[in-house]
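Report on the structure given below.
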Amino acid sequence: MNASNITVLLVDDHALVRAGFRRLLEDGEDIKVVLEASSGEQAVAEYKKHHPDIVVMDLSMPGIGGLAAVEKIITHDPGAKILVLSVYEESIFTKQALQAGAKGFIPKRSAPEEMYKALHQVVDGNNYISPTIAQQIAMMKLTGSENPLDNLSHREFEIFRLLAEGKTVNEIAEIFNLSPKTIGTHHTNIKQKLSVSNSAELARLAIRHGLIDP
């Protein structure tokens, strides 16, 4: 790809964060942020309309959130290039993002140089995982330690996170435009996979794995 033509869709629900990352990205002379979105739903709509070269996606947003937005964009365009830029640094988020179709994952606290490197790697068709997170994943494989959340599909993972935040089945059904019965089935499957019996245990598990604040 011509290095002077990298167009970016920047997705984050905080305007100040978008403004900061926009300045950082455009300090790279070959990068142009042409679109911004403040929600997963808006990100999907903007991508379908404009097809930028790369999407820089936050995960934690109101509505369907970043993971579901990644999934919807990839469903629309399997060749879409998405770099997740997230405050979450737990390996489970990286695995879920890659399963949904993202090509890269770096923490928001990364140095600008790493962000430029990750963006160019993804635009060039490669995968990129922040070295700190890659090391975390490698250590988990080496020690054989399993995260029970790895057993969840990315849809189940998103529903789990929303349940842990205190959302009701009906509220989650509305967010994903699914029936309460479908969400209820997911809820049952999630509890079985995680060996928990109620919402309080779900919340404690989410806190233990850094998905929500205590």
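Listed by first and then second residue, the pairs linking a residue in segment 64-87 that is under 19 Å from His50 (Cα atoms) and of a type in the set (Lys, Arg) to a residue that is in a helix (DSSP H, G or I) and open to solvent by less than 50 Å² (accessible area, probe 1.4 Å), with Cβ atoms under 7 Å apart and 6 or more places separating them unless they lie on different chains, are Lys72/Val44; Lys81/Val122; Lys81/Val123.
Residues that are in a loop (DSSP other than H, G, I, E, B) and at pLDDT 95 or above were ranked within segment 76-100; the one that is nearest to Glu29 (Cα to Cα) is Lys81.
Of all residues in segment 17-59, those being in contact with a strand residue (DSSP E or B) (Cβ under 7 Å, 6 or more places away or on another chain) and either closer than 17 Å to Lys108 by Cβ or outside any loop (DSSP other than H, G, I, E, B) (or both) number 22. Residues in segment 142-159 that are surrounded by 14 or more Cβ atoms within 10 Å (Cβ to Cβ) and of a type in the set (A, V, I, L, M, F, W, C) were compared, and the one that is modelled with the lowest pLDDT is Leu149.
With respect to being within 12 Å of the chain's Cα centre (by Cα), assigned to a helix (DSSP H, G or I), closer than 28 Å to Glu165 by Cβ and among the acidic types (Asp, Glu), Glu71 fits the description. Reported count of residues in segment 64-107, each being open to solvent by 10 Å² or more (accessible area, probe 1.4 Å) and out of contact with any Asp or Glu (no Cβ under 7 Å at 6 or more places or on another chain), is 15. The residue pairs whose first member lies in segment 121-132 and is over 7 Å from Gly104 (Cβ atoms) and open to solvent by less than 50 Å² (accessible area, probe 1.4 Å), whose second member is charged (D, E, K, R) and at pLDDT 95 or above, and whose beta carbons are closer than 7 Å, counting only pairs six or more residues apart or on different chains, are Val123/Asp53; Val123/Lys81. Test Ser86 against the criterion of being of a type in the set (Ser, Thr, Tyr) and within 11 Å of the chain's Cα centre (by Cα), and give yes or no. Here the answer is yes, as Ser86 does meet what is asked.
Could we say that Lys193 is surrounded by fewer than 19 Cβ atoms within 10 Å (Cβ to Cβ) and touching a residue at least 40 places away in the same chain (Cβ under 8 Å) here? Please lay out each step first, then the result.
Numbers: surrounded by fewer than 19 Cβ atoms within 10 Å (Cβ to Cβ): yes; touching a residue at least 40 places away in the same chain (Cβ under 8 Å): yes.
Taking the combined requirement at face value, the residue satisfies it.
Being open to solvent by 10 Å² or more (accessible area, probe 1.4 Å), of a type in the set (D, E, K, R), touching a residue at least 60 places away in the same chain (Cβ under 8 Å) and farther than 15 Å from Gly40 by Cα is true of Asp53. The residue of segment 160-214 that is modelled with the lowest pLDDT, among those that are under 20 Å from Gly65 (Cα atoms) and polar (S, T, N, Q), is Asn177.
The values are calculated or read from the model by the stated rules, or taken from the named source; none is laboratory data. This structure is a prediction, so every number in the text was calculated from the model and none was measured. With ideal geometry, Cβ positions are generated from the backbone for all residues, glycine too; neighbour counts draw on all protein chains shown. Areas reflect the complete protein model, heavy atoms only, side chains present, ligands, DNA and RNA absent. Shrake-Rupley method; radii C 1.70, N 1.55, O 1.52, S 1.80 Å.
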